[in-house]
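Sharing a structure with you now.
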Amino acid sequence: MSDVMIFGNVLLAIFLLLLLASYLFSKLNVPISVLFTTWLSAAAAFALLVVLVLMPGIKNDELALGKRWLEECTVIEKFERHTLSEPTNRLKCHGLEEQVDASDYQTFTLAYLERGER
């Protein structure tokens, strides 16, 4: 199970416990400040869950691209441009030259190396 899934399950448990606490507090005539704090905490946990669900991840085709760049290509030159465009890497793959965004190259190759799918 990935770390993100564990974090999501913990957030879901916290959210459900806070909802249960707010229900019980409303039945026990607890002061409104405690009830308001519980509702606010439940809303924050729900917002974190929404952000976690909408957070993009690395797809399998991007991992395959990172594997290809590491195993089949060599970096010829790294362009550091000081204009509005992103820095790029020039790669040589099977005799053909490709220009790749430096951020994509770094992200996909590191994701491939971290997952250890060799």
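The values are calculated or read from the model by the stated rules, or taken from the named source; none is laboratory data. The structure displayed is predicted, hence computed values, not measured ones. Don't worry about glycine lacking a Cβ; one is built from the backbone with ideal geometry, like all the others, and counts go over all protein chains shown. We work out accessible area using only protein heavy atoms, side chains counted, and drop any ligands, DNA or RNA first. Shrake-Rupley method; radii C 1.70, N 1.55, O 1.52, S 1.80 Å.
For residues that are of a type in the set (Asp, Glu) and open to solvent by 90 Å² or more (accessible area, probe 1.4 Å), scanning just segment 93-118, find the one that is modelled with the highest pLDDT.
The selected residue is GLU97.
OK, next. What residue, among those in segment 27-45 that are outside any helix (DSSP H, G or I) and not polar (S, T, N, Q), is most open to solvent (accessible area, probe 1.4 Å)?
LEU28
Does ALA21 fit the bill of being free of Cβ contacts under 8 Å to residues at least 12 places away in the same chain and surrounded by 11 or more Cβ atoms within 10 Å (Cβ to Cβ)?
It is false that ALA21 is free of Cβ contacts under 8 Å to residues at least 12 places away in the same chain and surrounded by 11 or more Cβ atoms within 10 Å (Cβ to Cβ).
Also, quick follow-up: So which of LYS67, LYS78 ends up being at pLDDT 75 or above, under 15 Å from ASP101 (Cβ atoms) and open to solvent by 60 Å² or more (accessible area, probe 1.4 Å)?
Just a single option satisfies the conditions, and that option is LYS78.
Using beta carbons and a limit of 6 Å, which pairs, at least six apart or on different chains, have the first residue in segment 33-50 and farther than 15 Å from LEU20 by Cβ and the second one open to solvent by less than 60 Å² (accessible area, probe 1.4 Å)?
Cβ pairs passing all conditions: LEU48/LEU11; LEU49/LEU11.
Taking segment 92-111, which residues are β-branched (Val, Ile, Thr) and assigned to a strand (DSSP E or B)?
The one that is β-branched (Val, Ile, Thr) and assigned to a strand (DSSP E or B): VAL100.
Tell me yes or no: at least one residue of segment 46-59 is part of a helix (DSSP H, G or I), modelled with pLDDT under 80 and of a type in the set (D, E, K, R).
no
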